[in-house]
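The values are calculated or read from the model by the stated rules, or taken from the named source; none is laboratory data. Nothing here was measured: the structure is a model prediction, and the numbers come from that model. Note: ideal-geometry Cβ built from the backbone for every residue, glycine included; neighbour counts use all protein chains shown. What goes into the accessible areas is simple: the full protein's heavy atoms, side chains included, and nothing from ligands, DNA or RNA. Shrake-Rupley method; radii C 1.70, N 1.55, O 1.52, S 1.80 Å.
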Amino acid sequence: MAENRVAVLKLEGDMETHGISVTLEVATEGPMAPIGFPELAKRATLPPNPGLVTSLDQWQQRYKELTQPSRSARAIIPHTAKISGSINPLVDICQDASRKLAEQFQEWLRTESFLDLEGELKQAVDRHDTVRVLVQTFNYELRLLPWCQWSFIKNNCNAEIAMGAIEFKDLPQAKATRTINDKVNILAILGSDRNIDIKADQHILNALPGANVYFLEKPSLKEFHEKLYKQSWDILFFAGHSDTVDGEGIIQLNPSTALTIKQIENAVKKAIANGLQLAIFNSCKGLGLAHALIQLQLPQIIVMREVLPDHVAHRFLRTFLTAFADGLPFYQAEREAREELQGMEEEFPCASWLPLIYQHPAKVPPSWQALKEGTSHDTFRPNKTDRSFLQKRAELKYSSVDGIKRTIAISLLSALTIMGFRWGGFLQGWELQSYDHLMQMRSPEESDSRILLVEVQEQDIQKYKHPIPDSVLFEVIRVLSKDQPYAIGLDVYRDHPIPPDTENLMDEVKGNSKLVTVCSFGNHPDQAVAPPPDSQSVGFIDLENDSTDYYVRRALLSRYPMDLSICATPYSFGLQLLFEYLDNSKTQINITETSERDWQFGDKVFKRLSAHSGGYHHLDAGGNQILLNYRATDKIAQSVTLSDVLDGRVPESLIRDRVILIGVTAPSVQDDHVTPLGRMRGLEVHAHYVSQLLSTILDDRPLIHWLSIPSEIIWILSWSLIGSISIIAIKFYVTSKRMLFISIPAVGCITVVLYLGCLLSLERGLWLPLVPSVIACVSAASIASLIVDITPDRARVKNS
């Protein structure tokens, strides 16, 4: 004697790494069957199959690319005309993808362990029995697989697949709140019909025998809610546009109103209490709708798993309702309608894969006659006293909370580890290189019009010899002084006379108040170079080279005077030129020293470097050192040659009220320095230095500064948290098969944002730690992707 059987497949795990644990329970439906006691229980495993995940993703992508009129709420896609009598070529591509997916899925189910389980299932049911197979799983990808292609379903015409609710409660018999009218009461919602034909759905429902259909066309939310809440219905039907976005179902009630099931939750609960048995969504991508309704304990739902073409929607609805109203059991009617769609797959690939039942495991699917009479029967239910499911659910919730704790721990560990390496100086080389790169990427600036360079070029050396004689230097200083510059800097050593005319030069050095000469204290006392005797203003000309790569990134403003040195001045060449400029331009600036021994000009404080400043670690920060904020320009200032000045070819306007720097730029004289902006002559470096001082004090151009150590820790920790949290968020909402394709670009985008933030900050003078932040972000994200286990399916448990 044929019986009605229920087979529940519980699937746990993931398809990519750990594989799937399978539990099969088989029971008989009907009032005589022992409740909660399955006749067969069998376990099996399915191995990891990342290739199947990829094929599923590829098939979904190919299917989305089809250009057929559909009932998607997200976009209305125009129909593509036939080309030379053939169907859109994308159809062939989609069909190939579907064949590959079906073959891989079938091959996966032919695993030895699962084949044993399938064999037990075949023995437990008679070939004449009707079998409902309910797939219960938290894994979203498993729900998307074409279970209708499983050999047990394909080869058993009395079997059909459905998604069984994972969490449910035993529903009481619905209250008798309506008069028996010997008809099935259907509330039919006809939503937005832009570019689709839902009038055909209306005609099919109107032609249905034994049905009392009430139509709401493009209703408001209020109208829909009231009608569902205040009256009793057997079937809720919807035709129009719908979609599933981030796991949540959306229906388009009218052109201006879209809603989720949550917005009508109370009305749905009331309708179920009043006897609602079935919801049919003849619209696109209804898995999110079904998931929400099954959570509210609606007994049965039919949805379409992917985008639904108009013609497929009409064919399915007509066939299903006709067969169901003619007395065919619910599952058999759905299977007949689903399989009939295969005849349309030449034009609409995978049409027979679209319909899907969601089933409350504790309810018997209704017959058409039972709906007319307003009756239903309980059926097989899993044992309500079995704590294993509740325990697993609690474990999943704990895992989600534990994952968040791990995220914070990972971020802290990553940030502190990076700070440890950074404090030890292991990242200094990379940090300085990134600093140089950001300096080069800044917005271009104009040359400094307050400075004029007088260059001793190769032709000047050939004409006047090297070193330049005292007579030539005397003449050029005299000519320049005549046109009244604010300051003249002689970037030429003159610790001993170079005749002729030495006496005149020394008189000029002694008597010219605008002239600044130079000396050098060198790396050792025996390398020091003395200034010209009796100089009124002397500045040391030594430049600070970084020990890692000998780049000039720093400048020494001042130092303690060294009485035993032949270069005893406490002030740098650039600082002395600044003093001369401010004095001779009558610029009133209050110059003081702060409690931290930083130079302060008015309200501008030149913050000195310490052993741990910015990307520097264990820096020899003796004296008053600052970072050089090189001007972002190819040419720091206008320049002329020594011969131009002596031959009278330099107009007075280029000299008056300027800072003049005189120095050798001829390639035959070694004075090259490597800077973040490339190679420069010493004269150019000093010009950048003087320009920085003038621009900061007079133009509010920013100095390069850096975060305090506590602020740097917070900054790096923040990016570590951003990296790990981004991965957790992706794991929370995205299926595992998409993790690799989404997480890498996501972390890449975060890195780009971090890079742009550091660049914009440096434009404004703040040197942020780019390299350690990137390392902390990427390392935290990588660790989180490996050890924190929060999946989309667990997220659904957490939110249930």
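Just a few scattered comments:
- Nonlocal amide H pairs with Ala632, under 5 Å, H built at 1.01 Å: Glu445
- Nearest 10 degrees, 0 to 90: helix 502-511 Cα axis against the chain principal axis: 60 degrees
- Amide H contacts under 5 Å for Gln136, placed H, 5+ residues apart: Leu9, Lys10, Leu11, Gly164
- Couplings for segment 311-317, taken from phi via the Karplus curve 6.51 cos²θ - 1.76 cosθ + 1.60 with θ = phi - 60°, read 5, 5, 4, 5, 5, 4, 4 Hz in order; Gly and Pro are left as x.
- Cα gyration tensor, the chain - rounded (a/c under 1.5), prolate or oblate: prolate
- Placing a label point 7 Å from the Cα of Leu756 along the Cα-to-Cβ line, no residue of segment 691-707 has its backbone N under 20 Å from it.
- Note on segment 125-254: antiparallel DSSP beta bridges, both residues inside, total approximately 20 percent of the bridges counted.
- Shape class for segment 225-352, computed from the alpha carbon gyration tensor (a ≥ b ≥ c): oblate, with a/c not under 1.5 and a/b at or below b/c.
- The label-point distance for Lys122 and Lys183, in a model that sets each label 7 Å from Cα toward Cβ, rounds to 4.8 nm.
- Unpartnered cysteines - no second Cys beta carbon under 4.7 Å - across the chain: Cys94, Cys148, Cys157, Cys284, Cys350, Cys749, Cys758, Cys777
- If R0 is taken as 60 Å, the Cβ-Cβ distance between Glu226 and Gln342 corresponds to a FRET efficiency of 0.90.
- Ranking by accessible area, most exposed first, for Tyr486, Tyr214, Tyr358 with a 1.4 Å probe: Tyr214, Tyr486, Tyr358
- Cα gyration tensor shape of segment 154-291, rounded if a/c is under 1.5, else prolate or oblate by comparing a/b with b/c: rounded
- For the chain, the solvent-accessible area with a 1.4 angstrom probe is 43 square angstrom per residue.
- Here Lys514 is the anchor, and the aspartates and glutamates within straight C-alpha reach of less than 13 Å, apart from those fewer than 8 places off in the same chain, are Asp483, Glu580, Asp583, Asp657.
- At R0 = 45 Å, FRET efficiency that the Cβ-Cβ distance of Gln484 and Ser708 yields, to 0.05: 0.50
- Exposure of Glu248 as accessible area (Å², to 10), given a probe of 1.4 Å and all protein chains: 90 Å²
- Per-residue HN-Hα couplings for segment 478-492 [Karplus 6.51, -1.76, 1.60; θ = phi - 60°; Hz; x = Gly/Pro]: 5, 4, 5, 5, 4, 9, 6, x, 6, 7, 10, x, 9, 7, 9
- Remark: relative contact order (segment 637-709) = 17 percent; criterion is Cα-Cα distance under 8 angstrom and separation of 6 or more residues.
- Here the chain has 54 percent of its accessible surface on carbon and sulfur atoms, given a 1.4 Å probe and all protein chains in place.
- Mean separation of Cα contacts under 8 Å, 6 or more apart, over the residue count of segment 590-655: relative contact order %: 16 percent
- Sorting Arg194, Arg315 by solvent-accessible area of protein heavy atoms yields Arg194, Arg315, largest first, with a 1.4 Å probe.
- When both bridge partners sit in the chain, DSSP labels roughly 45% of those beta bridges antiparallel.
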